[in-house]
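To keep things clear, I will list the structure first and then write my remarks on it.
Derivation of every value follows stated rules applied to the coordinates shown; laboratory data play no part. Predicted, not measured: the structure shown is a model, and the values here were computed from it. We place every Cβ from the backbone using ideal geometry, glycine too, and count neighbours over all the protein chains shown.
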Amino acid sequence: MKSFTFRIGGVHPDENKITAEIPTKEAELPKQAIFPLSQHIGAPAKPVVQKGDKVKVGTLLAEAGGFVSAPIFSSVSGTVAKIDASVDASGYRKPVIIINVEGDEWEEGIDRSDKLEKLSAHPELTPEEIVKRVRDNGIVGMGGACFPTAIKLTPPPTAKAECVIINGVECEPYITSDYRLMMEHPDEILVGVDLLMKAVKVDKGYIGIETNKPKAIELLEEKSKDYPHIQIVPLDKKYPQGGEKQLVDAVIRRQVPAPPAIPVNVGAVVQNVGTAFAVYQAVMKHKPLFERYVTVTGKKLTNPGNFLVRMGTPMSQLINACGGLPEGDNKILAGGPMMGKALPSIEVPIVKGTNSVTVLTDADAHRKEPSPCIRCAKCVSACPMGLEPYLLATLSAHQDWERDEQEDIVSCIECGSCQFTCPAHRPLLDNIRAGKQTVMGIIRERAAKAKAEAEAKKAAEEQKAAK
Amino acid sequence: MANLIVSLSPHAHGTDSVEKNMYGVIIALIPALIVSFLYFGLGSLIVCATSVAACLLFEWAITKYILRRERTTITDGSAIITGLLLSFNLPSNLPIWIILIGALVAIGVGKMTFGGLGNNPFNPALVGRAFLLVSFPVQMTTWPTVGQLGIEGYIDAQTEATPLSVMKTAIKTGDASVLDRLPDSLQMFLGNPDAAYGAGCLGEVCGAALVLGLLFMLWKKIITWHIPVSIVATVFILSGIMHAVNPVYANPVAEILSGGLLLGAIFMATDYVTSPMTAKGQIIYGICIGFLTLMIRDFGAYPEGMSFAILIMNAFTPLINNYCKPKRFGEVTAKN
Amino acid sequence: MDFLITPVIILGAIGLIAAVVLFACSKKFAVKEDPRLPLINEALPQANCGGCGFPGCSGFASACIKAAESGSLDGLNCSVGGPKAMGQIADILGLSVAASTPKVAVVRCNGSCANRPKIAKYDGLQTCRTVNSCGAGETACGFGCLGCGDCVAACKFDAIHINPETGLPEMDENKCVACGACVKACPRNIIELRPQGIKGRRVWVSCVNKEKGPAVLKACKVSCIACGACVKACKFDAITVENNVAYIDAEKCKLCRACEAVCPRDAIRDINFPKPVEKKKPGAEKPATPAKPAAENAPKETINTNSTSVDAKTETPKNDAVAEKPIELKKEA
């Protein structure tokens, strides 16, 4: 089997996919579901329900709060208890809608049957219609970034999409939710890919899967025989292959230029397998995005597993379903150990982008003691973006933002390969991330200033002309 | 419930560590060390042990009493490497007090004045060696003949010219026939103790043992191929041209196998701290070292130029780092 | 003698030629400098702290000269040199300078380890900037001091230090020159430059938590819950509550400390007053929660908020109850 990979850098973390062969179970309904209004990149959603309102599964709770935004739907039936603030993954309190769960009553429009609807049977689905349904059903990128999918499906007029690339890589250690999805719903995913391709008006689709998932590759290759324009691309196991830019490079050998360029500038629209599945359900089954596959995993958990979880379920419930928190020092991650976010509380709800709850215990939970940089350049060779992490980290620590910018700090994708590989255990990414945020702030400020100046100049000229 | 731990990603860490890399280099030095014991016997043992012990002692004393740091760094292995490399660059009959001075300069001046591991601009072992070479030229340039294993090999050794001094004589006299006295290449590579002119510093008599160390380090991914290969290739090509033009200059294989070239190319030029960070930079660095070595050997005052070439290029490393950037992601498409 | 004369002549000639070249160059390439520039530079403290917003003292001096052309030094202030330096500069430039009130940095957080329980443990690079980007940090308060000392590192005058007991930065008033470096360094905008006040007396709200009452109540024992008691108590309209946190306008504040006396959370702090404020007042008005006499007898010059707040906490087991009570109190007042 010929396999591909991206061309610069990369590391090989231990897989630890302990839940790979555990079939997905439906998680229990929570007693109280919490829906943060900001589950996506962009403006927070605006609530359309009030305290005391009765809602059903699939009822709209909050509408999109702007162009880059997504609506939020209830995953449970019950009564709106309050619209309040609650701790989110960052530890800050953010606005949420809290619903007390009563029974499990679904909205009528949702098709709950298992019947596979193929695109060929639905000629009424124009690209515009597909994008509309994707937008109306609150679909966002399910890989973790949570960018509203509808926007990705309407690329800017300056760029032309040539293919759809589906991310079935799952290069993060521990996580297996995408793998289970591919094993359990391959047909739906393929229809979803079909829909995505139609939505962006291209006739080529790729599904990239790493070779550490041979069963998924085999199964999808078998199933995709009916879809001649969808190609399964086996990829070498290497982190961060699931990064959008790395995946495009691995699959179609094109490198996305430095920011602000996005994959569609080189003709690729990248979507996660989870998104493809959600798109299928939204378009064909009228089912809004309110449940997702979540891996709950950790070496010390007694019963790790994969779950189909209603959003808003607190993580504590899932962890308890897996045998509770282990003894000792724990670090709870929303996501995998490479890019996941450490949570200060386990009462945080599952949201659209939560692909995994990873529990690291004791030694795994702690950082190693840093020692001085020995300039071994291993971070340079590990960086998938061709940057020099040792230099960026030092410059950021010295607050030399100007040189940070010259050294392309904004290209950093924060994948953590540098810090993973550093033999001196230096907090490289901690420093780089702080530098990147500052430099991006400086760039934004400068752009705003330039814009204001240009406008002032224009206004002055107009005034002159008017005189 | 105990408080949860929070930190920024990544939360996973590789198994690599500074110690692993340093002890990997030490393991890679073992074949050459064994060969030096076999060829120089007790003298080699005394020089090596003194050098390593002195380097460790000075590092410990300086961190503890001058820098007043809480944690000493002698366990990370870097001082052992400095000690070993320094001894590999010394003749096997060097008096202990000279070795102590060398170790003090190597660790004290070459490393700790700049803040210890990771901050030194020059390779500490080479700083020590260069200091000794300039300060004690006689002791540093008389090499005992291989095979004197007993104590007499240390106290009152028979000395002999090295292949490099043979080459230098050939150039000085302009008589190419002098070069016939060189041992053949295979003997130089394996370091046959019976060969004529088999003398030299501790670590440089057997190319094969050094190459074994290189293979180990490449296998363990401690270093990359760029620096050693570019140095050797440059020397090979350049000396090949010179040999072809004027046979007074030794043949390229002899140039590579003689003196400290392999030792320097494999173990000293590749020192993490003082070598460039990117592959492109490392190749430029290697080419320059190869060029400078040959220039010093053939046109300079000293028969061997490896250590000076590396020190000179160490000084250029920050500049190389500044100009040789890795290929950024996206540049490929930008060009198309 | 020949052997001496030749080198003397040669060296002399070289020296002469070099002198001529140097002289020519110094005339030809002389940079025209305003004669006032060195004078102003002399008047400046030469700390090069950048607190004025210019790159170093000479940058500030050039800016002063530039500003003098337009006839006013408005907007230019060297906080390190203070009114004295500015007065000298004004004299040099033949201008008058409006007296600016000397300022000093204050830390608006009192969330010491005892007041603000930890809910998580941070493991990573110990700078406030990094911890801040990690989220709320180790405590439930997402606004309070992170205690890693970015402000300490930023201070060029050795005026700010982390108190190891409280984990909070403390200002050395005598050394603080109000350059504002710590204000910029703090990722949570906790440090504020406030007027020094008469005899160095200042009153300020030592909390910046913008959350609503109940959440703040849980996060920290000395947090501002925006109950508005201080607003009512203030006779000079100096206090406003915005974004769920009170703020005292130093311009209007008359240092009567009425606000401090009524604050149910001890979130208002004072400094350099001879006696601690009479905390009896809330107790007298609100018999339901007896005030602790221990607090007012506190021997320290500045009010030690820790002790009082611990007591306040123990009286009221339920947080929600606390939230209601101050509001009742406000009505009474």
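Pairwise inverse Cα distances across chain A, averaged and inverted, put the Kirkwood hydrodynamic radius at 23.3 Å. Cβ-to-Cβ counts within 10 Å put A:Thr19, B:Thr141 in ascending order as B:Thr141, A:Thr19, the fewest first.
Along the axis of the charge dipole computed for the protein assembly as shown (Cβ charges of +1 for Lys and Arg, -1 for Asp and Glu, origin at the Cα centre), the listed residues C:Ala261, C:Cys186, B:Met217 are led at the positive end by C:Ala261. Modelled this way, with points 7 Å down the Cα-to-C-beta line, the labels at A:Asp400 and A:Asn320 are 5.4 nm from one another. Beyond 27 Å in Cα-Cα separation lie the following of the pairs C:Lys66/C:Lys103; C:Lys103/C:Lys275; A:Lys56/C:Lys212; A:Lys25/A:Lys115; A:Lys82/C:Lys232: A:Lys56/C:Lys212; A:Lys82/C:Lys232.
Overall shape: prolate for the stretch B:194-336, with the ratio a/c of the largest to smallest alpha carbon gyration tensor axis at 1.5 or above and a/b above b/c. Between amide H atoms placed 1.01 Å from N, distances below 5 Å from A:Val11 occur with A:Tyr239, all of them 5 or more places distant or on a separate chain.
Here the dipole of chain B is about 1220 debye; that uses its Cα centre as origin and unit charges on the Cβ of Lys and Arg (positive) and Asp and Glu (negative). Averaged over peptide A:415-425, the number of partner chain Cβ atoms lying within 10 Å of each residue's Cβ comes to 5. Near A:Leu61, the amide H atoms lying under 5 Å from its own belong to A:Ile72, A:Phe73, A:Ser74; only residues 5 or more places off or on other chains count, and H is placed 1.01 Å from N. Shape summary: the stretch C:133-204 maps onto an equivalent ellipsoid whose semi-axes, from the alpha-carbon gyration tensor, are 22, 14, 12 Å in decreasing order. Our coupling estimate for the stretch B:22-39, obtained by passing each phi through the Karplus curve with A = 6.51, B = -1.76, C = 1.60 and θ = phi - 60°, is 5, 5, x, 5, 4, 4, 5, 7, 4, x, 5, 5, 4, 4, 5, 5, 5, 8 Hz, Gly and Pro reported as x. Based on Cα contacts under 8 Å between residues 6+ apart, the stretch C:36-93 shows a relative contact order of 41 percent. Charge dipole of the stretch A:1-159 (Cα centre as origin; +1 on each Lys and Arg Cβ, -1 on each Asp and Glu Cβ, all else neutral): 540 debye, rounded to the nearest 20. Packing here is the average count of other Cβ atoms within 10 Å per residue, and on that basis the peptides A:174-183, A:440-449, B:165-174, B:278-287, highest first, run A:174-183, B:278-287, B:165-174, A:440-449. Within 10 Å of the Cβ of each residue in A:378-388, the mean number of Cβ atoms contributed by other protein chains is 5. What the phi angles of the stretch A:212-223 give under the Karplus curve with 6.51, -1.76 and 1.60, with θ = phi - 60°, is a coupling list of 7, 10, x, 5, 5, 4, 4, 4, 5, 5, 4, 5 Hz, glycine and proline written as x. Taking only the alpha carbons of the stretch C:72-200, we obtain Rg and Dmax values of 17.6, 59 Å in that order. Beta-bridge orientation, the protein assembly as shown: approximately 70 percent antiparallel, per DSSP, counting only bridges with both partners inside. Taking each residue as 0.36 nm, the span from C:Leu16 to C:Glu33 lengthens on full extension beyond its C-alpha to C-alpha distance by 3.3 nm. Think of each Lys and Arg Cβ as +1 and each Asp and Glu Cβ as -1; about the Cα centre, that makes the dipole of the stretch A:107-285 roughly 540 debye.
Structural descriptor for chain B: relative contact order 18 percent, calculated from alpha carbon pairs under 8 angstrom and at least 6 residues apart.
Going through the cross-link list A:Lys223/B:Lys221; A:Lys245/B:Lys221; B:Lys64/C:Lys175; A:Lys368/A:Lys436, which pairs have a Cα-Cα distance over 31 Å in this structure? Among A:Lys223/B:Lys221; A:Lys245/B:Lys221; B:Lys64/C:Lys175; A:Lys368/A:Lys436, the Cα-Cα distance tops 31 Å for A:Lys223/B:Lys221; B:Lys64/C:Lys175. Across all directions, the average projected area of the convex hull around the alpha carbons of the stretch A:112-177 is 6.8 nm². Is the shape of the stretch A:107-285 rounded, prolate or oblate, going by the alpha carbon gyration tensor and its root eigenvalues a ≥ b ≥ c, with a/c under 1.5 for rounded and a/b larger than b/c for prolate? Verdict is oblate for the stretch A:107-285. Extending 7 Å from the Cα toward the beta-carbon at both A:Asp203 and C:Ile162 defines two label points whose distance is 6.4 nm.
One equal scatterer on each Cα of chain B, no solvent, Debye formula: the resulting log10 I(q)/I(0) at q = 0.07, 0.12, 0.13 Å⁻¹ is -0.30, -0.83, -0.96. Between A:Phe147 and A:Ile41, A:Gly141, the built amide H atoms are under 5 Å apart, and every one of these is 5 or more places off in sequence or on another chain.
Taking every Cα-Cα distance in the stretch C:235-282 and sorting them into 10 Å bins starting at zero, the pair-distance distribution P(r) comes out as 23, 58, 19, 0 percent. Couplings 3J(HN,Hα) of the stretch B:259-276, computed from phi: x, x, 4, 5, 4, x, 5, 8, 10, 9, 5, 8, 3, 3, 5, 9, 10, x Hz, in residue order, whole Hz [Karplus 6.51 cos²θ - 1.76 cosθ + 1.60, θ = phi - 60°; x for Gly and Pro]. Determine which lysines satisfy two conditions relative to A:Lys467: a Cα distance under 25 Å, and not lying fewer than 8 residues away in the same chain. Counting by Cα, and skipping residues close in sequence, A:Lys467 has these lysines nearby: A:Lys451, A:Lys457, A:Lys458. For the stretch A:312-401, the average shadow cast by the Cα convex hull is 8.3 nm², which is a quarter of the hull's surface. Averaged over the residues of peptide A:86-96, the number of Cβ atoms from other protein chains lying within 10 Å of each residue's Cβ is 4.
In the protein assembly as shown, the calculated helix contribution to ellipticity at 222 nm averages -12000 deg cm²/dmol per residue, counting -39,500 (n - 2.57) for every DSSP H run with n ≥ 4. Relative contact order of the stretch A:107-285: 32 percent, from C-alpha pairs under 8 Å at least 6 residues apart in sequence. Excluding same-chain residues fewer than 8 positions from C:Lys252, which aspartates and glutamates have a Cα within less than 12 Å of its Cα? Excluding near neighbours in sequence, the set is C:Asp237. Cα-based values for the protein assembly as shown, radius of gyration first and Dmax second, are 36.3, 119 Å. Once you have a ≥ b ≥ c as the square roots of the Cα gyration tensor eigenvalues for the stretch C:1-139, tell me rounded if a/c is under 1.5, and otherwise prolate or oblate according to whether a/b is larger than b/c. Because a/c hits 1.5 or more and a/b fails to exceed b/c, the stretch C:1-139 counts as oblate.
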